[in-house]
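S.K.: Handing you this structure, nothing more for now.
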Amino acid sequence: MHAPHSLPTSDNLRASLAALLDGLPPRQAAQAVERLIANYRGRTPTHTPVLRDRSDVVAYAAYRMPATFEAVRAALEAFRERMPEWVPATHVDVGGGTGAASWAVAAAWEGCERRTTVLDWAEPALALGAELARSAGDAGLRGAEWRRQTIGGALAIPDGTDLVTVSYVLGELTEDARRAVTDEAARAARAVVLIEPGTPEGYLRIIEARDRLIAAGFRVVAPCPHSAACPIEPGTDWCHFSARVSRSSLHRQVKGGSLAYEDEKFSYVAAVRDDEVPAAPARVVRKPQIRKGQVLLDLCTPEDGLVRETVTKRHGPLYKAARDTDWGDTWPPQGE
């Protein structure tokens, strides 16, 4: 399997996944994905991997890796916006499977040297992840270590790791294992980024992990513009965001429809053990409502929690900026 090393990391990943599917009958791939969707997330004890063999892993990777990659990349872009000078030299991807989060880290810090370790229980996923990584343009991915490791109370992360990512993993764990993973990440890392599905349940898992990180001395970098309690009243709403994902032919076959894209909803928290976190602007926490002559922005703010701001033509350049602002962006834009 070969993919051009000169491609940007996102295109490099898509080309590598497309090459993987060559030779796998489309209907077989679709059937494997349908079965895995039915029972993969959160329904299987962590000591029983659901990804049983290479065809399972190829199908699931082709189906899920692009969405996981885009969600993690969006979270990392928000982190980088607040901490532009921060660069990880070491990265541990906990429960990383075939390595989508590691590809996202490579995309976020394109061209920067790092040492990556991917930890997961499922050997077929690790083997495929290593195979995919060999086609990467990023040297850190090509040289990554792929290590079998139970994700739970026995998890051990090397002390002083710069960045730990935990993406779409907490929902697969028991309550005790979730806390153990979060606490071990907090113990070992300088920065921790956790991503879960953008559902009410995924948000609650993120909030619990966020509280544990703060208690361990971390400061929230994104999406929250503060490290105080989340201003959302429990049970009334949930904080989540959206990343656009290009659909493959496999996506269209499994899900039906002809759209060339879909939107991956996710919840996340990025936190760092650093007293020098710069002051944060507000963040847009809902899709902006564009109306005639005005834009309504739902914001989470550092001082006042959740507020709605109305930006009208009278605001001049700020009104144009508001029309260009997207869900998940900071507000106001830098320089405004």
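The values are calculated or read from the model by the stated rules, or taken from the named source; none is laboratory data. Predicted model, so just to flag it, every value in this text is computed and none were measured. Cβ placement follows ideal geometry from the backbone for every residue including glycine, while neighbour counts extend to all protein chains displayed. Ligands, DNA and RNA are excluded from the accessible area calculation, which covers all protein heavy atoms including side chains. Shrake-Rupley method; radii C 1.70, N 1.55, O 1.52, S 1.80 Å.
S.K.: Report, to the nearest whole %, how much of the accessible area of region 78-142 belongs to carbon and sulfur atoms, 1.4 Å probe, protein only.
M.R.: Values: 1020 of 2120 Å².
Ligands and nucleic acids excluded, carbon and sulfur reach 48 percent.
S.K.: Sticking with this one: Using helices alone, what [θ] at 222 nm do you get for the chain, with -39,500 (n - 2.57) per DSSP H run of 4 or more residues, divided over all residues and rounded to the nearest 500? Let's see the in-between values first.
M.R.: Numbers: 10 runs with 125 residues, N = 336.
Helices in the chain give a 222 nm mean residue ellipticity of -11500 deg cm²/dmol.
S.K.: Mind checking which of Val87, Val220, Val33 has the largest fluctuation in a GNM of the chain, springs on alpha carbons under 10 Å?
M.R.: Among Val87, Val220, Val33, the largest GNM mean-square fluctuation belongs to Val87.
S.K.: Also, I was wondering about something else. If each residue of separation counts as 0.36 nm, what is the full-extension length gain between Gln28 and Arg115 once their alpha-carbon separation is subtracted?
M.R.: 27.7 nm
S.K.: A further question on this structure: Quick one, can you get me the convex hull of the C-alpha atoms of region 134-230 expressed as volume per residue in Å³? Let's see the in-between values first.
M.R.: Numbers: hull volume 12.5 nm³, N = 97.
Given the Cα convex hull of region 134-230, per-residue volume reads 129 Å³.
S.K.: Give me the distance in nm between label points sitting 7 Å out from Cα along the Cα-to-Cβ direction at Lys320 and Ile232, one decimal.
M.R.: 3.4 nm
S.K.: Going by alpha carbons, how many degrees (0 to 90, nearest 10) lie between the helix axis of 9-21 and the longest principal axis of the chain?
M.R.: Tilt of helix 9-21: around 30 degrees.
S.K.: For a quick size check, give me the Cα extents of region 259-311 along its three principal axes, largest first, whole Å.
M.R.: Reported extents, whole Å, longest axis first: 42, 32, 15.
S.K.: Strictly greater than 26 Å: what percent of every Cα pair in the chain meets that?
M.R.: Of all Cα-Cα distances in the chain, 48 percent exceed 26 Å.
S.K.: Could I ask something else about it? Region 194-214 to region 297-320: how many Å between their Cα centroids?
M.R.: 26 Å
S.K.: For Ala215 and Arg54 in the same chain, what is the full-extension length gain: residue separation times 0.36 nm, less their Cα-Cα distance, in nm?
M.R.: Using 0.36 nm per residue and subtracting the Cα-Cα distance, I get 53.9 nm.
S.K.: Straight-line reach from Lys287: which aspartates and glutamates have a Cα under 15 Å away, not including same-chain ones fewer than 8 places off?
M.R.: Lys287 reaches Asp237, Asp263, Glu264, Asp298, Glu309, Asp324, Asp326, Asp329.
S.K.: Please report the relative contact order for the chain, taking Cα pairs under 8 Å with a sequence separation of at least 6, and give it as a percent rounded to a whole number.
M.R.: Reported relative contact order: 15 percent.
S.K.: Right, another one. Using 1/(1 + (r/R0)^6) with R0 = 22 angstrom and r between the beta carbons of Glu123 and Ala154, what's the FRET efficiency to the nearest 0.05?
M.R.: E(calc), rounded to 0.05, equals 0.85.
S.K.: Ok, one more. Would you mind listing how long region 68-190 runs along its three principal axes, going by Cα atoms, in whole Å with the largest first?
M.R.: Per principal axis, max minus min of the Cα coordinates gives 37, 33, 25 Å.
S.K.: Please name which of Trp146, Val87, Gly160 has its Cα lying farthest along the dipole of region 70-178 towards the positive end, using unit charges on Cβ (Lys, Arg +1; Asp, Glu -1) and the Cα centre as origin.
M.R.: Trp146
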